[in-house]
Amino acid sequence: YCKCKHQSRRISTSHVTDVMTALRDAWRSRGSCSHGTLEADSSPFPHCVIRNFLRDEEFASRLQGALLRQPFHSKNTDLYNFTQVHTDMSVLFGWFRLWLSDLLDLELEPTVDVSCAKYQHTDVLLCHDDELEGRRVAFILYLVPPWQPSDGGALDLYSTDGVFCPACVVKSLIPCWNSLVFFEVSPVSFHQVSEVVAEDKCRLSLSGWFHGPSLPRPPRYIEPVLPRQKHLPRDESVLYEWVSDVYMNLEQQVRVQQEFEDSSEIRLPNFLKEEKLKEVISALQLAEIHWDRSGPPNKRCYEAADLRSVPDSVRSCWELFCSEAFFLLLSNLTGLKLHTLANDPDSEDDEEDEEQATSSAAIKKDGSTAVCVGEIRRWTRGCYTLLHDSDNREFALDLLLTLGCSGWQQDFGGFTSYVAHGEDEELLTVLPEENSLALVYRDTDTLKFVKHVNQRSSTHWQQPPRSFYDFSITYYE
Ligand SMILES: O=C(O)CCC(=O)C(=O)O
Ligand SMILES: [Fe+2]
């Protein structure tokens, strides 16, 4: 298996032993080592690349052909997009397991769990650590055509911060025909397959894990809960200034509420008044707003506006959604109790409540406990959010207003997908739609993610700013 530079000659046992000793030392001392076709490094976590992994090139080509004829199934979630087929490759990787066991001085279980993956244009596997009960070493054998960094599809390795969260990509391994990468699965082995941008290349690989005793795992970092705020004291004039007249009509509010109660979600098109919409979009696009990158990348990747840096029009729009008058409007639109004056489904004097709905005198009396938390976000190519176990799971009302996204298509990604916890099935998709306000009530079993914005969005964004924006706010009764 170790051919080094001696393509046609048999390798002497002593040479193999030398390489093995060097590699073992490098692995143990967290150093690096390079020997012919083999390169090992411990930064950002221990990994090794072996070129010309399969000695018989022709066998490798036949293997590639045979694999390509397999029935691939498409895999499509928050984390990834690619096609896969399971294969029994225990024979092919059996001896490799013995070699690895010897190298790592570690008992690896005989069962290898191998699958074949095919990544094509826009396919991606976002940041993850591979940690799952018993996985000890991950390996990937690439059966790819000549591959350039500009084709995408690199295996990117992340550094980690002080609390074992991924920080940034510090090394990119470009897939190469008949080369194999293996790395130690550990609490810091964060990696991704970057999006394949080549339109006509197929990144075929055989990959899997060898199982053994797991490394000790530090407790997972728990993110602090973002501070939630009570409504801002603003009266109903803010609604008349911003919200399209149709949604200020009480009969219309009743209709919206009925629909919302039936399906727990509703889209309200043309939500903001046209001139206000234009003002906010151009401010978001042109103003010098400070955008902070959100992370860590195993959970999210987008930019959020530093609210201290936004121009007046954007701030006013933000304040609209946080205003007392808006909490009351939302109560009327959804039937939720986001305000003490909200229609109480058990109360008999609904009519009286409705009359009070937009009266500023009534607003002053409020003693509600409803709160909200949210962000103004910027979405560009490569952005996403992922589902994760630490998501706090509470009943909540999500509000999403997307701006600067006219002509958006679903296959660009960037849509919000609601799923039931522990299931693949999608409950609801909210597409970015210009000036459409989406309201979604979620229960403790519902999670959401924003699908990776892929390279197809670049064809849509011919010129700057190459981004769309949203106001994303969650309300708690
Ligand atoms: O294909 C690769 O380079 C990595 C694949 C991977 O990380 C995985 O399947 O978990
Ligand atoms: Fe992985």
**Report entry** Members of segment 112-134 that are open to solvent by less than 20 Å² (accessible area, probe 1.4 Å), away from ligand 1 (no atom under 11 Å from the Cβ) and among the polar types (S, T, N, Q)
**Finding:** 122
Report task. Specify which of the listed residues (294, 264, 244) is open to solvent by 40 Å² or more (accessible area, probe 1.4 Å) and of a type in the set (S, T, N, Q). Result -> 264
**Report entry** Number of the condition not met by residue 420 [criteria: (1) open to solvent by less than 10 Å² (accessible area, probe 1.4 Å); (2) of a type in the set (Gly, Ala, Ser); (3) modelled with pLDDT under 95; (4) touching a strand residue (DSSP E or B) at 6+ places or on another chain (Cβ under 7 Å)]
**Finding:** (1)
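Yes/no matrix, rows are residues, columns are (1) out of contact with any Lys or Arg (no Cβ under 6 Å at 6 or more places or on another chain); (2) under 21 Å from residue 209 (Cα atoms):
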residue: 53; (1), (2): yes, yes
residue: 57; (1), (2): yes, no
residue: 63; (1), (2): yes, yes
residue: 67; (1), (2): yes, yes
residue: 72; (1), (2): no, yes
residue: 78; (1), (2): yes, no
residue: 81; (1), (2): yes, yes
residue: 90; (1), (2): yes, yes
residue: 93; (1), (2): yes, yes
Query raised in the report: Just checking, which of 412, 395 is loosely packed, with under 14 Cβ neighbours inside 10 Å, assigned by TED's automatic domain parsing to the domain that holds residue 274 and among the aromatic types (Phe, Trp, Tyr)?
Result: 395
Query raised in the report: Does residue 188 satisfy the condition of being within 15 Å of ligand 1 (Cβ to nearest atom), assigned to a loop (DSSP other than H, G, I, E, B) and open to solvent by 30 Å² or more (accessible area, probe 1.4 Å)?
Result: yes
Query raised in the report: Is one or more of the residues making up segment 103-111 within 16 Å of ligand 2 (Cβ to nearest atom) and either buried (at least 17 other Cβ atoms within 10 Å of the Cβ) or more than 31 Å from the chain's Cα centre (by Cα) (or both)?
Result: no
Report task. Determine whether segment 146-166 contains at least one residue that is crowded, with 17+ Cβ neighbours inside 10 Å, among the polar types (S, T, N, Q) and within 12 Å of ligand 1 (Cβ to nearest atom). Result -> no
Query raised in the report: Would a scan of segment 212-223 turn up a residue that is open to solvent by less than 30 Å² (accessible area, probe 1.4 Å) and of a type in the set (Gly, Ala, Ser)?
Result: yes
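The values are calculated or read from the model by the stated rules, or taken from the named source; none is laboratory data. Source: prediction; values computed, not measured. All Cβ positions, even for glycine, are placed from backbone atoms using ideal geometry, and neighbour counts span all protein chains on display. Ligands, DNA and RNA are excluded from the accessible area calculation, which covers all protein heavy atoms including side chains. Shrake-Rupley method; radii C 1.70, N 1.55, O 1.52, S 1.80 Å.
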